[in-house]
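What follows draws every value from the coordinates through simple rules; no lab data is involved. Keep in mind that this is a model prediction, so the values were computed, not measured. Neighbour counts are summed over all protein chains in view; Cβ atoms, including those assigned to glycine, are modelled from backbone coordinates with ideal geometry.
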Amino acid sequence: MSGDAHLLVAADYVVFAVVLLLSAAVGFYYAWRSRKQGTSRDFLTGGRKLNALAVSMSLTASYMSSVTVLSNPAEVYRYGAIFGYLSISYVIAVVYTSEVFLPVFYRLAINSTYEYLELRFSRATRLLGMLIFFFNVLLYTGLVIYAPALALNQVTGMNLWGGIISTATVCTLYCALGGLKAVVWTDVVQIGIMFAGYMSVIIKCVILKGGISTILSDAQEGGRINFVDFDINPLRRHTFWTLVFGGAFTWSSIYGTYQPQVQRYNSCKSIKHARLALFINVLGLVCTLTSSVISGLCLYSFYKNCDPWKAGQVSSPDQLLPYLVMDILADHQGLPGLFFAAVYSASLSTVSTSINAMAAVTMEDLIKPRIKLSEKKLLLISKGLSVFFGIVCVAMAGLASLMGHMMQAVSIIGGVTGGPLLGLFSLGVLCPFVNSKGGLWGLVAGLAVAVSVTIGELISPSPPEMTRPLSLSTEGCKFTSGGSLNWTTPLPTEPSLFTTTPGQNTDDIHAVQWHSPSYLYFCVIGGLTAIIVGIIISLLTGGLRETVDPRLMLMKEDTLSYHLFKRVKDGVMGGTDNVGQPNKEDGINKPAHGKIDNDIRVSSF
């Protein structure tokens, strides 16, 4: 390995431009096909005519952001393949979403997830939920735009703000012209590009190493095959329990309550297609995670004796995979361009998703309830909102430089905002006795606790004995950095705001210092707090005496498990052939034709 910097050549830029133009062309094509959409509802939901396969690929693409492509392999490189246990959490989250949230949201035919909060609780709860959503999506989108552009700028010399502005511009154009349908079908193309980028790196690594067995052997020797870790200590960064239990909460909040995901499966032509889209999406998530884990093991196999981060060749773990790409693919003109196009495709899919979701929430939660306009004007406003939020996303990219390591930053943001919302929506759908007061104060309490835990983590990061980064070496490095390199320097860690002075007893400091739980538990803490406080406040304020419209609650007939169980039971007992078929009048086979009336809300704050 050489320490010399590699730069992209003309062929890389050509491949990069062609791939991104292809992505944009698909979006513009569907924008042109959808130019006669007559209503803002069609613009924001795709006319509720999308099929399961397209929506499932779009769900996967919106998850597979640039953070996933760059940060997840670095996470495996530093902490081991135990990260793969997240695949179990994906399955749990999708099953929970399919059984609990999907039937209710699809029956109500809502465009904005936060409409449900007003129908079930109160307008104050709806507005607070909407503000939390905007906080989450703006920070996340800014990070997704800025971080990959910075990584590629520092590793390859690619223009930083050129990458940021081009990403936002392309997304904004096809979002504003084609709405959700253009976003979904562009995602379908982009997911293929993203996997092609991953495969180009993995295949080249396997060839250079003489087979996958060598990579796995190196990983085993370096402690990266570390699946046997069932420590229940909640302070540990990655164990089976933090990844499965904490991950299940995090992904349930994303798939069950996060506007971009709900908006997608609600755009399907039937609830059968919506459920199928969610389950097919699990395969996409698992394939993505598997690619990330293998890429991380490839990183370790190549740099086990000379870590570029510890040796000062990169300034952040998020730059490790681009560094490897330039190290092994620079001689193959065009392939680095393909990989970096995959990174930017990941940004495109996530940013376009966010723009469309913010436009939908603004339209449904802020404009329609207050202003009576014709459908033509509402459609124009929807397109204008897409342009506006595209500009805002560029502005938010400037804040992303303060967030540190991408993957953990995204998880913390999601945990702070997603946990309380998951708790609130779960209360609304599952607990008829929870009233508007309990819902609102449960959300506030969950948010306050989640923010407090996050501040504790920022002030006093978890010590190495809890995060347990695996060993990295520079003994085999044959290059020199610009200055003197201290080969015995320990692995860089996140700085702490607490410092000790000479003569101070460090044991006393650690005795009183806050130790944060795993970042994967932030969502669990916020969600459970919202549930507990919501139940207590509701019981104290007469929640048991109130009634709720059944359309706002989950009914056993809504769930797939009920019909499967009934089919098996009646099959054993000699039931009829029609057992397990939902009643067409129960509202779960197709969405409501019109908006559900606001007067069904039975409690207010």
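The label-point distance for Glu221 and Trp161, in a model that sets each label 7 Å from Cα toward Cβ, rounds to 4.8 nm. Projected label points at Asp331 and Ala124, each 7 Å from Cα along the beta carbon direction, are separated by 6.8 nanometres.
When each of the peptides 350-356, 204-210 is scored by the mean number of other C-beta atoms lying within 10 Å of its residues, the order from highest to lowest reads 350-356, 204-210. The modelled label-to-label distance for the pair Ile232/Leu470, using points 7 Å beyond Cα in the direction of Cβ, is 2.7 nm. With Cα atoms as the point set, the radius of gyration and Dmax of region 79-124 evaluate to 15.7, 46 Å.
Rg/Rh for region 230-297 (Cα atoms only, Rh after Kirkwood) is 1.08.
Computed packing ranks the peptides 134-140, 341-347 as 341-347, 134-140, most packed first, by mean other Cβ atoms within 10 Å. How are the alpha carbon pair distances in region 98-206 distributed across 5 Å bins from zero to the largest one, expressed in percent? Answer for region 98-206: a P(r) of 2, 9, 10, 14, 19, 15, 12, 8, 6, 3, 1, 0 percent. Pairs from the table (Lys49/Lys437; Lys269/Lys377; Lys181/Lys368) lying more than 28 angstrom apart at Cα are Lys49/Lys437. Each of Ser315, Ser71 was scored by other Cβ atoms within 10 Å of its Cβ. Listed from fewest to most, they are Ser315, Ser71. In terms of the mean number of neighbouring beta-carbon atoms within 10 Å, the peptides 449-458, 193-202 order highest first as 193-202, 449-458. Here region 147-240 is treated as a Stokes sphere of Kirkwood radius computed over C-alpha pairs; at 37 °C and 0.692 mPa s its diffusion coefficient rounds to 186 µm²/s.
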